[in-house]
Every structure is written in C-alpha cells, then in structure tokens.
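The block underneath contains the structure these notes are about, expressed in structure tokens.
The values are calculated or read from the model by the stated rules, or taken from the named source; none is laboratory data. Bear in mind that the values here come from a model prediction, so they are computed numbers and not experimental data. Every residue, glycine among them, receives a Cβ derived from its backbone with ideal geometry; neighbour counts consider all protein chains shown.
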Amino acid sequence: MARKKSVPDMFDVVIAGGGYVGLSLAVALKQGDAGLTCAVVDPKPMEDLHKDPRASAIAAAASRMLSQLGIWQKIAGEAQPINEMIVTDSKLRDAVRPVFLTFGGEATEGEPFAHMMPNGVMMPALYKAAKALGVSFFAPGTAETFRTHPDHVELVLEDETLLKSRLLVAADGVRSRLRDLAGIRTVNWDYGQSGIVTTVKHERPHNGRAEEHFLPAGPFAILPLPGNRSSLVWTEKTADADRLVRSDDFTFELELERRFGHHLGTLELDGPRRAYPLGLKLARDFVKPRFALIGDAAHGIHPIAGQGLNLGFKDVAALAEVLVDARRLGQDLGGFDVLERYQRWRRFDTFQMGVVTDVLNRLFSNDNDVLRAMRDFGLGIVDRMPGLKTQFIKEAAGFAGPVPKLLSGEPI
C-alpha cells in the first residue's frame, strides 16, 4: 500500500462537504475568528458550482446571516422575494382549486419572509468568500475514513492525503459516509415518494407569489424566480416520478400543465428535470468526541414545508457561535463538552421539524375524502386567525425558538 501523503498543518476544523452548509460554516468560522484554521473537502470541483441549475428558498433569518457574512449584498440582485403564498387542496381532476390559506410575505415590515435564490449564484459567492478568508480546499477530494485520537482526528482522503484537525465536521449530505463511520444511528423511513425538481418559463408574471397545491400524490410547489420563471418541487410516487423524468418533453409538459394550471399562461421547460427520493432521516446523535454533524448529514426531512436548507443554516449559525465562543475561552474545539452545547441547541428543534413535516405529508398526501374535509376545515380556521398566521410566518422565516446571533443579523 502506498504511503499516505500528510498535510503538515494541524487544522482547527476540517469540514467534509462543500455545499451551502459546509461553505457557509467555513465563512462563519473565519469571520468569527480570523486566526482559526479551516479546510473544506468535497468530491466535486469547486469551480463547477455555478453550473447548478436549481434554486433554493432562503428564509429571512438565513438571509440575515448571509448579510452578516457579507454574502447577501453581493447576490441580492439575483434573488426573488416571496411576497405572498397561497395553499390549495384538491384532487387532480378538479376543475377548480379553492384557496384555503393565504400568507402575506413579510416577516417584519419591509422584510420578505423568504427569497428564492439560484444555486448557481449563491454557491460561487460562498466559495469566493471562503477562499478570500484563507480557507484551504481539497476539492475534488473524497473523505475515505477517519480515526479519532485524544487530542485530534485524522481524516484520510481517497488519494491517501492525510488531514489532521481538532474537529471534523460532516456536511456530506443525507447519505453521509462519515456519519456511518462514526457509528451514529439514524431514525429513518422511506415515503415511497420522489420530488421532481425543474424550472419553467411562463407567459404571465407571478408577482412574487408562491403556490403550494396539495394533491393526492403529494404537494406541488410553484416557487417564483426572477423574471417570468418559477422553480417547481413536484412530489409523486417514486415509480410515477421516475416515469415522468424519463418521458419525452411533450408528455412531461402535458402532465405538468394538469398540475400547474393555466393562470400564468403558456408554459415552457427552462432546465433539466431530476427526481430525488424523499424520506425522513434524523441522526440520533449530532456529535461524538471531535466530530459533529450539520445539514442533511444530521437531518433529511420532507420538503413539504421548505425548511430543509434553512435547518442546515441554523446548524451553521449555532455551531459557529459555539466554536468561536469556545476558542475565545481557550477551550478545546473538539471537546465533547463544547460540542454538547451545539447538540443541545439543535437536536430538539430538528426532531420537532422532522415530526411536523412527517405529519403534514401523511395528512395531505392522500385521497381520503374524510381527511380532506378535516384538513380543509383546519386550513380555513387558520386563515381566519391573524395571530396564528403570524406565528406560522415567523416559523417559516426562521425566527422561532432560540435564534443564534448570525440568524438575527448580529456578529458572533
């Protein structure tokens, strides 16, 4: 066996995963303490980040964090504010889809509760900021295995490069290899659904309105993008989703129109279509000695509430605050007592959101007339209670519960 290549420096933090969550953690740590040494490992070339055709919903709290990190100011011109949201509940064959619930789009006066942001805009901005702050990158680079020692952890990459750090953070997605290697068990089940993600152009303007149509197979979300364009998150049974993704454009667009409707005029596909299996996966532990999970590695939830990415940003803000505070106090960044503070902060909130999305999906993704009548009655009641709607908007905006400083727009 070839001898492992060793990187001479001992990093304070090594982050496995260069997506939104991993990159934003690297930026937050370096801005919180410029002397902290940080590295990011990712199997994809960082230079290809601009090629991601998808878009993401960024809650108001997350945009405050990105503003504090100096990112939002550079990309805000590419964001689409969500000014309004409507919720319908019907069968696919119904000629009319009555609106049961409407939300105004402001978390606070003049601040939309969310924006839609193209991935190909935000990811490169995060990468450039991290590079400018002195974050080291090993990309492409695949984390192969790691070993924990009393005072550090060793991460071995696929090319046998050896990285040493005080703390290893796994931000490597819902199928996290490092989580499994750490022996962290998960609560998980498969919904038998897949989410089709694509982008469409339409003839008429959306005026910043988001729509969530609850259909028997699952939610069909229309999320506004800049211009006369929208991002779709279309839930179907897995077999049907695979069939639709493999179908020709004519068949796909025909099925799309049945769900989308004609209120925005003629539709045209404006990007690739992909299907992603949906399930619930919650890590039983978020930390081990010298090891922490963030983002989808810690929690994979149903997109019905649009909170998956924003849960990851909450992880970033909480972990960055805990680590920077610990460093100022001269504490060991990888010590279990330090990491346990992060776990206490984030685990309950995550499990709570996982349960909420699971219940919502089971309640709405069916064709039971009795359940439909009950849930539509409930939606109507909520629509008539401004105080409860305000609380829902606060939750969607990311301001519910103990909020880390970055999510309030404050420096660490």
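Values as computed for the structure displayed
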read-out	value
Test result for residue 137, over 26 Å from residue 305 (Cβ atoms), touching a residue at least 40 places away in the same chain (Cβ under 8 Å) and assigned to a strand (DSSP E or B)	yes
Residues of region 325-369 satisfying the condition of being under 22 Å from the mean Cα position of the chain (by Cα) and of a type in the set (Asp, Glu)	349, 358
Region 91-118 - residue that is part of a strand (DSSP E or B) and either small (Gly, Ala, Ser) or touching a Lys or Arg at 6+ places or on another chain (Cβ under 7 Å) (or both) and, of those, modelled with the lowest pLDDT	107
Hey, residue 154 in contact with an Asp or Glu (Cβ under 6 Å, 6 or more places away or on another chain), in a strand (DSSP E or B) and without any contact (Cβ under 8 Å) to a residue 60 or more places away in the chain or not	no
Evaluation of residue 271 against (1) within 23 Å of the chain's Cα centre (by Cα); (2) assigned to a helix (DSSP H, G or I); (3) surrounded by fewer than 22 Cβ atoms within 10 Å (Cβ to Cβ) (one fails), failing number	(2)
Test result for residue 174, β-branched (Val, Ile, Thr), part of a strand (DSSP E or B) and either modelled with pLDDT under 95 or under 26 Å from residue 310 (Cα atoms) (or both)	no
Residue check, residue 122 assigned by TED's automatic domain parsing to the domain that holds residue 164, touching a residue at least 24 places away in the same chain (Cβ under 8 Å), touching a strand residue (DSSP E or B) at 6+ places or on another chain (Cβ under 9 Å) and not small (Gly, Ala, Ser)	yes
Total residues in region 59-74, condition modelled with pLDDT of 95 or more and either surrounded by fewer than 20 Cβ atoms within 10 Å (Cβ to Cβ) or part of a strand (DSSP E or B) (or both)	4
Residues located in region 381-404, provided they are surrounded by 13 or more Cβ atoms within 10 Å (Cβ to Cβ) and farther than 22 Å from residue 63 by Cα	382, 383
Flag for residue 274 being within 15 Å of residue 195 (Cβ to Cβ) and touching a helix residue (DSSP H, G or I) at 6+ places or on another chain (Cβ under 7 Å)	yes
Count of region 179-194 residues which are among the charged types (D, E, K, R) and buried (at least 20 other Cβ atoms within 10 Å of the Cβ)	1
Failed condition for residue 304, given (1) closer than 26 Å to residue 204 by Cα; (2) outside the structural domain of residue 171 (by TED's automatic domain parsing)	(2)
Of all residues in region 241-273 being among the aromatic types (Phe, Trp, Tyr) and out of contact with any Lys or Arg (no Cβ under 9 Å at 6 or more places or on another chain), the one that is nearest to residue 220 (Cα to Cα)	260
Matching entry among 36, 49, 29 (being under 30 Å from residue 323 (Cα atoms), assigned to a loop (DSSP other than H, G, I, E, B) and in contact (Cβ under 8 Å) with a residue 24 or more places away in the chain)	36
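One line per residue, one yes/no per condition, for (1) surrounded by 13 or more Cβ atoms within 10 Å (Cβ to Cβ); (2) under 27 Å from the mean Cα position of the chain (by Cα); (3) not in a helix (DSSP H, G or I):
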position: 239; (1), (2), (3): no, yes, no
position: 242; (1), (2), (3): yes, yes, no
position: 251; (1), (2), (3): no, no, no
position: 256; (1), (2), (3): yes, yes, no
position: 263; (1), (2), (3): no, no, yes
